[in-house]
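Novice: Here it is: the structure, laid out below.
The values are calculated or read from the model by the stated rules, or taken from the named source; none is laboratory data. Values in this document were obtained by computation on a predicted structure and should not be read as measured data. As a convention, Cβ positions derive from the backbone with ideal geometry for all residues, glycine included, and neighbour counts pool all protein chains shown. Just so you know, the surface numbers come from the protein's heavy atoms only, side chains and all, with ligands and any DNA or RNA stripped out. Shrake-Rupley method; radii C 1.70, N 1.55, O 1.52, S 1.80 Å.
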Amino acid sequence: MATLNAKSIRTADRSSMFPKILEFPDQLKKGWAIAGASPVSVDFGSIRNIVFSGMGGSAIAGDILKSVLGAGLRVPMAVNRGYDLPAFADSGTLFIASSYSGNTEETLSATEQAVGRGCRVLCVTSGGRIAEIAESKHLDRVLIPAGYPPRSALGFSLGVLLQIFDGFGVSPVSKEAFDRAAAFMARESVKMADLKNKSNAAARLAKKLKGRFPLISAAEGSLESVGFRWKCQFNENSKIHAAVLAVPEMCHNEIVGWKRLAATKPYYGALAAVLLRSPDEHPRVRLRMNVIRGLVEKNRGKAYEAQAKGSTAFERLLYLVHLGDVVSLYLAVLNGADPTEIDNINFLKKKLGQ
Ligand code: PA5
């Protein structure tokens, strides 16, 4: 079985995903600074709803932003992962086009529709067609550094968005709280990278997940976005299938599936429940998570918990995002997979471009 050490990471991580993942705390700060230097002309008082359009590594920033803004956001916000705008989008809509490359066809299509419908458009990109459209149509745009695989640039886009929404006066994360969280994450990131530490939470979880498919349970609203990030990072970095299940909804269907675990031979032993846990859980969600764990174990399944750390809900959310990124990297190494390579996505994009 492959081991986890500096040498095995160097061998598998041929295009250096790990250092990019570890930049997360620094990217957050840079993203905030970049947005601070990029004037945004939107008058948030006139906004009736928000549509955030993006795909994959560029869409997840919208999900996480929505989790962070939480119940304090008084206008509806939709994260749109498709070609078409929802019917309600109009001149009262703040439309955020998020595409790292700036060339993703679904996001380009939605952006063109948003311009046509007179939405207030803000583009977050490193360049490409989206930057060109922003330039030619005089749209608000924030340019983030180029040269990263999109999913490893999440810190930049999240930093940008949090600065902008702080400016709108609708974010619970002030500049001071953001700086404290970034400093906290810098300390925690060092710990997650320390493989000499036997209690390294990321390494321990990755080893447990080797050879299994994670079914990630996460609290609806507050952490489902983080669970989705874990799922996508397992797919793209570790090259495995994974699913995210929102609690409480999954308590009304998915949990029954564990019943036949022992009888369904191909799955037995191959699935693992991963529960994202946080003190911010609704008390009933906490109870449900405990019962889910018991049910999985009773049916002879594996259940593992990822515990959030931090002194604020925002810090705990960032901690879990980063933990999932590092776990996915370690799991890629254990699987002997290059975390950066996404040949299947590139193949599909090329086919569609022909
Ligand atoms: O991680 C990836 O590379 C993908 O999920 C991309 O983010 C996705 O294909 C969209 O591309 P972009 O982020 O350039 O808009």
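Novice: Tell me yes or no: at least one residue of the stretch 173-193 is under 23 Å from the mean Cα position of the chain (by Cα) and either within 16 Å of the ligand (Cβ to nearest atom) or over 26 Å from Ser311 (Cα atoms) (or both).
Specialist: no
Novice: Looking at (1) surrounded by fewer than 17 Cβ atoms within 10 Å (Cβ to Cβ); (2) under 18 Å from Phe95 (Cα atoms), which is the one condition that is false for Gly147?
Specialist: For Gly147, the failing item is (2).
Novice: Can you tell me which residues in the stretch 42-59 are more than 8 Å from the ligand (Cβ to nearest atom), in contact with a Leu (Cβ under 8 Å, 6 or more places away or on another chain) and in a helix (DSSP H, G or I)?
Specialist: Listed by number, the list holds a single entry, Phe44.
Novice: Something else now. Can you tell which of Lys66, Lys20 is away from the ligand (no atom under 15 Å from the Cβ), modelled with pLDDT of 95 or more, part of a helix (DSSP H, G or I) and not assigned by TED's automatic domain parsing to the domain that holds Phe228?
Specialist: Working: Lys20 fails: away from the ligand (no atom under 15 Å from the Cβ).
Testing whether each residue is away from the ligand (no atom under 15 Å from the Cβ), modelled with pLDDT of 95 or more, part of a helix (DSSP H, G or I) and not assigned by TED's automatic domain parsing to the domain that holds Phe228 leaves just Lys66.
Novice: Pairs, please: C-beta under 8 Å, at least 6 apart or cross-chain, first residue more than 16 Å from Leu317 (Cβ to Cβ) and in the stretch 174-199, second outside any helix (DSSP H, G or I)?
Specialist: Pairs that qualify, where the first residue is more than 16 Å from Leu317 (Cβ to Cβ) and the partner is outside any helix (DSSP H, G or I), are Lys191/Asn197; Lys191/Asn200; Asp194/Asn200; Leu195/Leu4; Leu195/Asn5.
Novice: Further question: Among the residues of the stretch 3-60, which ones are under 27 Å from Ala203 (Cβ atoms), surrounded by 16 or more Cβ atoms within 10 Å (Cβ to Cβ) and among the hydroxyl-bearing types (Ser, Thr, Tyr)?
Specialist: Across the stretch 3-60, the qualifying residue is only Ser8.
Novice: If I filter the stretch 91-104 down to residues being away from the ligand (no atom under 13 Å from the Cβ) and surrounded by 15 or more Cβ atoms within 10 Å (Cβ to Cβ), which single residue comes out as nearest to Lys349 (Cα to Cα)?
Specialist: Phe95
Novice: Now a separate question. Output the number of the condition that Asp84 fails; it satisfies all remaining conditions of (1) under 14 Å from Val124 (Cα atoms); (2) more than 16 Å from the ligand (Cβ to nearest atom); (3) open to solvent by 30 Å² or more (accessible area, probe 1.4 Å); (4) in a loop (DSSP other than H, G, I, E, B).
Specialist: With respect to (1) under 14 Å from Val124 (Cα atoms); (2) more than 16 Å from the ligand (Cβ to nearest atom); (3) open to solvent by 30 Å² or more (accessible area, probe 1.4 Å); (4) in a loop (DSSP other than H, G, I, E, B), Asp84 is out only on (1).
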